[in-house]
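The values are calculated or read from the model by the stated rules, or taken from the named source; none is laboratory data. Given the structure is predicted, the values throughout are model-derived calculations rather than measurements. As a convention, Cβ positions derive from the backbone with ideal geometry for all residues, glycine included, and neighbour counts pool all protein chains shown.
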Amino acid sequence: MQRLGVTSETVHYDVVVGRGAWRALREFARSGYTSVFLLTERGLWNHWQEPFLRSSGLKTAQRVFVPSGEASKSLRMVEQVAGELLAQGADRRSLLVAFGGGVIGDLGGFVASTYMRGIDCVQVPTTVVAQVDSSIGGKTAVNVGAMKNLIGTFYPPRLVAADPVVLTTLDERAFRSGFFEVVKHAVLSGPRLFDEVECALDSLRPERAASLGPLLAHAASVKVDVVSRDEKEAGLRRVLNLGHTFGHALEEATGYRRFLHGEAVGWGLLGAVRLAELLGLMSPASSQKVVALIRRVGPLPSIGDLKAGRVLKLLPRDKKAVGGRIHWVLPERIGKVRIVADVPPAAVGAAFRDIQRADRHE
């Protein structure tokens, strides 16, 4: 178990990763909150409630359940959850614990940031993506229509407690999907983490998840380091968008029904690597090494049937675009990326069509 510290000018909190991480919540069980509420999904909770309550000490916590899936990231659900909190007596000295994956983490963080103008929140991530990325950094959001994460806040949690044991009940696809985000962190970080991911590929099975604590902690440390230096995405934190510009467009183009988020990021990484190669930023040897690792993580749903024009048209709608200008995060080599604006649209289109063509010929 490792304890990482997010420290910025305005906030400090710990990210605890590894077996036994849930025990870090025991301090909150006796810290003077008037009440504690757990926001989660019923199926997940039915499986993990006994070990979680035993480890965390939060045995008197009240439950608030929401349906699983992206549809729960909505203003309607925010209103519903807030109403349930109010009905169960939550006040300004209550604590909200978000026990789940990215949807629960985003929704719970947003509710906590707005309920009675803000109550404390703890993140307990239960997916690979959430454990290494989305639970860290205090970003909260809900979707509006087809626009993902349009309304949100920066609201740091009091604690992130990530125990890999909970990953053992993920299905194979969901489990592997999260490791495309780990690959993203490896490209950002450098050869050491990249090599660790390569060595762990034969162990990427849900039943072996509990042994992956050190790798997940290393991946999480990349996010911790970036958000500690740039809490509110003034500059450096943009690098975490690597793979997400193409990825978000693919999710929106398919109505969020074809890809798990990590899978969309996997395609986004392939697109960013190809774009960097076309622009002369990345050598073929470096790009081939990254592409090989992405392909080894697992199969990706096909993009061969998508209309390229539709996907490309969605790119400027990325919420990180400013004035319609996309700030691309492009790798130069493993361990170094560059933020590039004003990339020629022809190059972007060529990069997407190249990865699409490769997909059709596999």
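Tell me, yes or no, whether segment 281-302 has at least one residue that is of a type outside the set (Val, Ile, Thr), modelled with pLDDT of 95 or more, within 18 Å of the chain's Cα centre (by Cα) and not in a helix (DSSP H, G or I). So far as segment 281-302 goes, yes, one or more of its residues are of a type outside the set (Val, Ile, Thr), modelled with pLDDT of 95 or more, within 18 Å of the chain's Cα centre (by Cα) and not in a helix (DSSP H, G or I).
Being of a type in the set (A, V, I, L, M, F, W, C) and farther than 16 Å from residue 35 by Cβ is the filter; apply it to segment 68-98 and report the residue that is nearest to the chain's Cα centre (by Cα). The extreme case among them is 71. Test residue 286 against the stated conditions and say whether it is under 28 Å from residue 175 (Cα atoms), crowded, with 17+ Cβ neighbours inside 10 Å, of a type in the set (Ser, Thr, Tyr) and touching a residue at least 24 places away in the same chain (Cβ under 8 Å). Yes.
So which residues in segment 20-52 are of a type in the set (D, E, K, R), buried (at least 16 other Cβ atoms within 10 Å of the Cβ) and under 22 Å from the mean Cα position of the chain (by Cα)? Of everything in segment 20-52, just one residue is of a type in the set (D, E, K, R), buried (at least 16 other Cβ atoms within 10 Å of the Cβ) and under 22 Å from the mean Cα position of the chain (by Cα), namely 41.
Considering 160, 165, 182, which residue is under 23 Å from residue 82 (Cβ atoms) and either in contact with a Leu (Cβ under 9 Å, 6 or more places away or on another chain) or of a type in the set (Val, Ile, Thr) (or both)? Answer to the check: 160. Among (1) in contact with a helix residue (DSSP H, G or I) (Cβ under 7 Å, 6 or more places away or on another chain); (2) outside any helix (DSSP H, G or I); (3) under 28 Å from residue 216 (Cβ atoms), where does residue 48 come up short? Among (1) in contact with a helix residue (DSSP H, G or I) (Cβ under 7 Å, 6 or more places away or on another chain); (2) outside any helix (DSSP H, G or I); (3) under 28 Å from residue 216 (Cβ atoms), residue 48 violates only (2). Just to verify a result, which residue in segment 4-19, among those that are modelled with pLDDT of 95 or more and in a loop (DSSP other than H, G, I, E, B), is nearest to the chain's Cα centre (by Cα)? Going through the qualifying residues, I end up with 18.
Table: residues versus (1) within 18 Å of the chain's Cα centre (by Cα); (2) assigned to a helix (DSSP H, G or I); (3) surrounded by fewer than 22 Cβ atoms within 10 Å (Cβ to Cβ).
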site	(1), (2), (3)
140	yes, no, no
152	yes, no, yes
161	yes, no, no
176	yes, yes, no
180	yes, yes, no
195	no, yes, yes
210	no, yes, yes
219	yes, yes, no
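When residue 251 is tested against (1) surrounded by fewer than 20 Cβ atoms within 10 Å (Cβ to Cβ); (2) under 30 Å from residue 144 (Cβ atoms); (3) modelled with pLDDT under 95; (4) out of contact with any Lys or Arg (no Cβ under 6 Å at 6 or more places or on another chain), exactly one condition is not met: (1).
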